[in-house]
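The values are calculated or read from the model by the stated rules, or taken from the named source; none is laboratory data. Computed from a predicted model, the values in this text were never measured in an experiment. All Cβ positions, even for glycine, are placed from backbone atoms using ideal geometry, and neighbour counts span all protein chains on display. With ligands, DNA and RNA removed, areas are computed over all heavy atoms of the protein, side chains included. Shrake-Rupley method; radii C 1.70, N 1.55, O 1.52, S 1.80 Å.
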Protein chains: 2
Amino acid sequence: MLTECVPGDALFTDLVSSAHRRFRRLVAEAEGKAKAFYQKTLGREATIQQIVDEVFAAVEAEGDVAVARYAKAFDGAGATESFRVSKERMARAWTLIPDDLRQAIQVAIRQVTDYQRRLLPASFGTDLDEPLGVRWMPLDRVGAYVPGGTSGSLPLFSSVIMNLVPAKVAGVAQTVLVSPPRADGTLATELLATAHAVGVDEVYAVGGIPAIAALACGTPSIKAVDKLVGPGNIVVTMAKQRAYGRVDLDMLAGPSEILVLADDSAHPAFVAADLLSQAEHDALAMAVCIAVGHGVASGVQRELAVQLERLPAGRQEVARESIVRFGRLVRVNSVVEAIDVANRIAAEHVELMLRDPHPAIAGLRHAGAIFVGPWSPEPIGDYVAGPSHTLPTGGTARMWSGIAVDTFLRRTSIINFSEADFRRLAPHGEVLAAAEGLEAHAHAIRIRRYPPRIVRPPTSVNIIVPPNQPG
Amino acid sequence: MLTECVPGDALFTDLVSSAHRRFRRLVAEAEGKAKAFYQKTLGREATIQQIVDEVFAAVEAEGDVAVARYAKAFDGAGATESFRVSKERMARAWTLIPDDLRQAIQVAIRQVTDYQRRLLPASFGTDLDEPLGVRWMPLDRVGAYVPGGTSGSLPLFSSVIMNLVPAKVAGVAQTVLVSPPRADGTLATELLATAHAVGVDEVYAVGGIPAIAALACGTPSIKAVDKLVGPGNIVVTMAKQRAYGRVDLDMLAGPSEILVLADDSAHPAFVAADLLSQAEHDALAMAVCIAVGHGVASGVQRELAVQLERLPAGRQEVARESIVRFGRLVRVNSVVEAIDVANRIAAEHVELMLRDPHPAIAGLRHAGAIFVGPWSPEPIGDYVAGPSHTLPTGGTARMWSGIAVDTFLRRTSIINFSEADFRRLAPHGEVLAAAEGLEAHAHAIRIRRYPPRIVRPPTSVNIIVPPNQPG
């Protein structure tokens, strides 16, 4: 079922390089299709990059009119002139979903809230009770993108929880959600219900480049955000990249990945099920098993074939294509070798199904999220465990972290020196400033070392050193 | 000296908008000059963006040869074929600088180290002693850019401390420094000495677009980094933007800014000196005083004129141009109004020279760094206080933070559920997965709720549930 390889062979080399290049492959494939799409929708050929630039320029110049025009061109019938979804509509959606789903959403929100609260960093010195401080402060306004469902399926509304509950815990006052409308112009009831439960402040039924451009540039009806988060398709990702600098981003996300490190203590059916859970996302998703020992390898191959057959139509085709194109089974001789492979791939999700996971977790440097043991399947993390499921892909776990409360915080340093603090460090500061040739910097230090008398009109308080800093 | 305005008037509106648009103005001005520069250096007209794209493509295809070719074209005589500076050269530089400078560098490194250590976030659950955990882990390899000195002055070598000591505290194993060579092909002794003291692992004498492209794409002699930090000129910043996604970035930095909130308790000479300390950086730097009360306003104007005259040639012209173009004095009636103005500008450096700074610090939402009272001049923060001087500019304090230890850390979540943890949450996870139509996700949960017996060859251990997770 899974193509097999061992570290060092040609297939293995290809695996490591594909793991990091699927995103670029995706861009290349998408650009190939873009010509025909823009010919159909805009009446002319163009690259995605050209359209991204064009939409940003148009939205900046024309605002909502441009957003509506491009949304109409790209999304067709569903595109609406007024994007905002009312709070009443969201509240009603909450009453329309089944009881067990409502409960599951509440449980997920509570789990994410509890976990994210533990990650809140501590400020210090903000009461000016020490010479140095730091203050963590939420962003004012953030936007999350939720892609539409592919071919009739629902949008992944759990990502509203995973992307915006951490923002709520951070204390962000204005949370914004954008998602492309369905053919009838509405958003899915489940999506609106989740947004209601999370307490999202503004929801707009607009997707794709126009949505990203609106949140980056701002329009009269959609105010610009400070940070844009959440994965989208490749076009959305390219628009996000264009927005970097005007707004901050969480990351640039590509297709999903799972890496399962398993030895003979692992349950092959669990391993196979978890591999398939990522394979079903996307034909470009990557599911890899690193097998320490022959027993688990053959068990996983057998289980995978059985379980794939049982997947319902639609999901089965996607999972099969992903397994055939990118699924691999890497046979290794030791956990040490397995960890080395995992670090080279730097996958989004890494499961450790090992008799003793401690050495593996200690050696694993690059992973978006780690799932340990048989009772921590990746999908439990996708929905209800607590950490966000928005994680770095395509090797970017080397540099990016998944979404968490700190994604929505900024850090400001505070310097609150007494005269003694100042005098202790001032000579060194002056030496450095002078050495860099920054005379005005050196002077701003020097003038305090030998402060001049203040010359004031006689009516004002006449002080040499302000009284709020007695030193 | 400073053009005066009050909140709401036309000059004030222009101030707020300039504060956020100086970066784009810079891009426009730079693009205007680029044509002539590329005509001279490459023999053809081009925009900066085109050259950035071209250099990245060339470096990716040809490696070091392309880096050397473009470095030669742009930096002329100083460009070298082999970029690496030896550790011996760095160690020797340390012995060549004056004693007081060596001591000042050591003091700065110690201060930054102490402060950054306080910001280290705490991991938990990494010993698998609880169901959920988080691990903070340093990046493997980071690169810092240090611009060359303008017109014969030294490069700002203090930025080696401010950009890379936090990386060292984070535990980054490979720290890399790039900086453009001088006309004789070498880097300044002070720069190398500082790199030696900080313990920078690799130093390369290459600057501009080729340096950024090399660190982003990797070449045989300059391995790609995971994250690129440090400000540069506009061309370097555009190259950094191009690199985003291949590598992570700290931010996109523009010209420096200072905002001094002062009431009549402030020493006008201190305020003026601090305004000039930023104005001397760059003709596009912005120095603004928000004056609560008439006494301080007139005092600052008077002092500024006096102190500007006393600045040495070179720095004086730069500071004067900055003060004339972007320097402003905003007269306000209350600290509340002053804070509102400061939040709209969202400046890199905000000084609070107020009788009672507590209400101001509580209300100030957007600032790269805050300096409180008469003994915390901005330049003391630039060199020796402890927080990094690499801070967000041009209104980006709304979304970015300055460099700190967390700039060089990644966060990985750990899920380590027992069977009981799993069973408590599994039904909700299954409901959510099913509602999203992700059948393989639902199945990966379901199969654990009702695990099948493992079928194994008789030689292997036959277990239903691996023993390392007894539940």
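Accessible area per residue for the range B:1-103, computed on protein heavy atoms with a 1.4 Å probe, is 54 Å². Would you tally the net charge around B:ASP64, using a Cβ to Cβ cut-off of less than 13 Å, leaving B:ASP64 out, and scoring K and R as +1, D and E as -1? Residues near B:ASP64 contribute +1 overall. Between helix A:294-310 and chain A, what is the angle of the helix's C-alpha long axis to the longest principal axis, kept within 0 to 90° and rounded to the nearest 10? With both axes taken from Cα atoms, the answer is about 80 degrees. The Rg/Rh ratio of chain B, with both radii computed over alpha carbons and Rh defined as the Kirkwood radius, is 1.07. Of all beta bridges that DSSP places with both ends in the protein assembly as shown, some 20 percent have antiparallel geometry. Pull up the DSSP beta bridges for chain A and report the antiparallel fraction as a percent, rounded to 5. Roughly 20 percent of the DSSP beta bridges within chain A come out antiparallel.
Remark: the range A:258-265, residue by residue, has Karplus-estimated 3J(HN,Hα) of 9, 10, 10, 8, 10, 10, 6, 7 Hz, where x stands for each Gly or Pro and the curve is 6.51 cos²θ - 1.76 cosθ + 1.60 at θ = phi - 60°. Taking 30 Å² as the minimum loss, tell me which residues in the range A:363-377 lose that much accessible area going from the chain by itself to the full protein complex (1.4 Å probe). Relative to the lone chain, where solvent access is computed with a 1.4 Å probe, the range A:363-377 loses at least 30 Å² at A:ARG365, A:ILE370, A:VAL372, A:PRO374, A:TRP375, A:SER376, A:PRO377.
Lys and Arg at +1, Asp and Glu at -1: add these up for the other residues within a Cβ distance under 12 Å of B:MET1 and post the number. So the surrounding residues net to 0. Panel note: contact residues of the range A:114-163 (accessible area lowered by at least 30 Å² against the chain on its own; 1.4 Å probe) correspond to A:TYR115, A:ARG118, A:LEU119, A:PHE124, A:LEU128, A:LEU132, A:ARG135, A:MET137, A:ASP140, A:LEU154, A:LEU156, A:PHE157. What the range A:180-333 shows is 25 Å² of accessible area per residue, with the surface traced by a 1.4 Å probe over protein heavy atoms.
As a fraction of the 1.4 Å probe accessible area of the protein assembly as shown, surface on carbon and sulfur atoms comes out at 54 percent. Only protein heavy atoms count here; under a 1.4 Å probe, B:ASP14 has an accessible surface of about 70 Å². Checking an interface number: how much accessible area is buried between A and B, summed over both chains, with a 1.4 Å probe, in Å² rounded to 100? Roughly 12900 Å² of accessible surface disappears when A and B pair. Per-residue SASA remark: B:LEU2, around 10 Å² accessible (1.4 Å probe; ligands, DNA and RNA not included).
Exposed loop sites here mean GluC sites (Glu not before Pro) with a DSSP loop assignment and at most 16 other beta-carbon atoms within 10 Å; chain A contains its longest site-free run at A:82-471. Which residues, if any, in the range B:296-319 lose at least 20 square angstrom of accessible heavy-atom surface (probe 1.4 Å) when the other protein chains sit next to their chain rather than the chain being alone? Buried by the other chains: B:ARG302, B:GLN307, B:LEU311, B:PRO312, B:ARG315.
Electrostatic bookkeeping for B:ARG320 treats Lys and Arg as +1 and Asp and Glu as -1; over the other residues with beta carbon under 10 Å from its beta carbon, the sum is -2. With its label point put 7 Å out from Cα toward Cβ, B:ASP99 sits 8.4 nm from the same residue's point in the other copies, in order from shortest.
With 28 Å as the limit, the listed pairs A:LYS40/A:LYS240; A:LYS33/B:LYS223; B:LYS87/B:LYS168; B:LYS33/B:LYS223; A:LYS35/B:LYS33 have A:LYS33/B:LYS223; B:LYS33/B:LYS223; A:LYS35/B:LYS33 beyond it between alpha carbons.
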